[in-house]
Amino acid sequence: MEWCLTMPKIELHAHLNGSIRDSTLLGLAKALGDEGKIVFSEFEHVILKHDRSLREVFKLFDLIHLVTTDHEIVSRITKEVVEDFAAENVVYLELRTTPKRNDLIGMSKRSYTEAVVNGLRAVRTVDVDFSSCTAGGPPTPDCRNNSCAGTAKKKIYVRLLLSIDRRESTEAAIETVKLALDMRNLGVMGVDLSGNPIIGEWGTFLPALKFAREQGLPVTLHCGEVPNMEEIQGMLDFIPERIGHACFFGEEEWKKLKSTKIPVEICLTSNIQTNSISSLEVHHFEDLYRSKHPIVLCTDDAGVFSTSLSKEYSLASSAFGIGKKEMFHLARNAIDFIFAGDGVKKALTHTFDSAAKKLD
Ligand code: 6MZ
């Protein structure tokens with residue numbers, strides 16, 4: 001569906017290391033293989049496999065991190081991921097990543113995140129706005145350097161979310177929140193809780209998430225990726241600004257979600273490939289869409305699941321019989337759920353208004 005590609009779209013749930021191009025990942029793995037640091041053939045087999053269980057996905061992430069946790073590589077993959085989203089007309093991207101520390105190579109959570117920001121600065125195919133200058137704040141150096149001048153180039157707004165990995169301790173989670181606060185002027189907009197859902201306890205992360213809230217940082221949570229009802233209830237009681245997935249909700253959880261109107265980031269291909277949801281026919285997208293609950297279509301891990309945001313729109317349109325105009329409205333509604341401020345919302349409204357005129 002060509003129109004899924006050409007219409008403007010908003011991506012709110014994309015993990016940096018899950019969105020790497022296969023070709024880049026294979027190239028990086030090949031180089032490490034040549035150095036004798038990994039066995040390339042084993043790596044290649046895992047990368048090219050499809051339909052992985054959730055458990056296998058997290059094993060794959062450990063492999064991916066093995067080849068990508070390096071400042072230069074982090075900058076490179078950030079640049080490529082942004083270019084790929086921009087190429088399919090994503091006009092606003094909230095890219096999330098877990099700040100990593102690796103003493104062996106002198107990497108701190110801060111230097112990792114700075115490498116991500118450097119990747120944003122390196123993008124050439126499109127103008128990247130990643131600071132708050134167009135959101136009504138004072139001009140920043142980044143504003144003057146590249147993004148805010150009235151050039152004819154295509155433009156993408158990129159904001160960052162820092163992820164807390166469920167393997168982390170309370171202290172490590174608080175460190176990530178503090179880093180997010182420190183880097184707000186470089187486009188960090190909020191925090192995410194992600195990682196293997198069978199690891200870690202909600203209570204471990206709550207102090208860090210409460211701290212984020214006190215400091216005015218919005219929070220999105222991976223919620224209900226496994227049937228842990230106590231945790232789902234706890235997360236919904238926290239009333240995060242958004243949640244991702246919501247695969248294993250029962251009647252009570254749906255009731256609570258709908259009454260609180262927490263927007264849900266829906267990742268169709270990811271949910272099906274990991275077998276979290278058995279088929280699109282029974283996917284909760286349809287009920288949430290028909291009941292007008294706030295939702296946004298997202299990719300989750302475009303590289304790992306061989307998808308793109310356009311493909312997710314195309315999939316939803318054909319699986320649930322939703323026409324072009326309605327899909328356009330679905331994309332546009334996501335403006336209300338972004339973590340960036342009113343200035344960006346206004347600019348995006350203008351972008352969608354202009355695109356609406358060309359819709360028929
Ligand atoms: C939970 C996920 C995820 O942060 O290294 N991640 N967490 N559920 C998912 N659904 C399949 N997909 C990705 O990107 C990779 C990390 O994002 C989280 C995991 O913690 C994974 O290690 P970054 O850029």
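Annotation: residue 236 fulfils all but one of (1) touching a helix residue (DSSP H, G or I) at 6+ places or on another chain (Cβ under 6 Å); (2) open to solvent by 10 Å² or more (accessible area, probe 1.4 Å); (3) more than 25 Å from residue 17 (Cα to Cα); (4) of a type in the set (A, V, I, L, M); the unmet one is (2). Filter region 1-37 for residues that are open to solvent by less than 30 Å² (accessible area, probe 1.4 Å) and in a loop (DSSP other than H, G, I, E, B); which is nearest to residue 86 (Cα to Cα)? The qualifying residue nearest to residue 86 (Cα to Cα) is 8.
Taking the residues in region 66-101 that are more than 9 Å from the ligand (Cβ to nearest atom), outside any helix (DSSP H, G or I) and within 30 Å of residue 347 (Cβ to Cβ) as candidates, determine which candidate is most open to solvent (accessible area, probe 1.4 Å). Outline the logic, then answer.
Going residue by residue through region 66-101, those that are more than 9 Å from the ligand (Cβ to nearest atom) are 66-67, 70-73, 75-76, 78-94, 101.
Then keep just the ones that are outside any helix (DSSP H, G or I); that gives 70, 88-94, 101.
Restricting the remaining residues to those that are within 30 Å of residue 347 (Cβ to Cβ) gives 88-94.
Working: 88: 16, 89: 40, 90: 3, 91: 21, 92: 0, 93: 0, 94: 0 Å².
Once the filter is applied, the top-ranked residue is 89.
Would you mind stating whether residue 328 is touching a Pro at 6+ places or on another chain (Cβ under 7 Å) and either of a type outside the set (Ser, Thr, Tyr) or in a helix (DSSP H, G or I) (or both)? So residue 328 does not fit the description; no. Considering only region 319-356, state which residues are small (Gly, Ala, Ser) and in contact (Cβ under 8 Å) with a residue 12 or more places away in the chain. Hits for region 319-356 are 319, 331, 334, 340, 341, 343, 347, 355, 356.
Taking the numbered list (1) surrounded by fewer than 21 Cβ atoms within 10 Å (Cβ to Cβ); (2) under 30 Å from residue 63 (Cβ atoms); (3) among the charged types (D, E, K, R) in turn, residue 345 passes all entries but (2). Within region 142-194, the residues that satisfy the criterion of being at pLDDT 95 or above, of a type in the set (Asp, Glu) and more than 16 Å from the ligand (Cβ to nearest atom) are 171, 182.
Residue by residue through region 39-65, note down the ones that are of a type in the set (A, V, I, L, M), in a helix (DSSP H, G or I) and more than 19 Å from residue 307 (Cα to Cα).
The initial filter retains those residues of region 39-65 that are of a type in the set (A, V, I, L, M), namely 39, 46-48, 54, 57, 60, 63-64.
Those left that are additionally in a helix (DSSP H, G or I): 46-48, 54, 57, 60, 63-64.
Matches in region 39-65: 63 only.
The values are calculated or read from the model by the stated rules, or taken from the named source; none is laboratory data. Just so it is clear, the structure is predicted and the values come from calculations on it, not from any experiment. Don't worry about glycine lacking a Cβ; one is built from the backbone with ideal geometry, like all the others, and counts go over all protein chains shown. All accessible areas refer to the heavy atoms of the entire protein, side chains included, with ligands and DNA or RNA removed. Shrake-Rupley method; radii C 1.70, N 1.55, O 1.52, S 1.80 Å.
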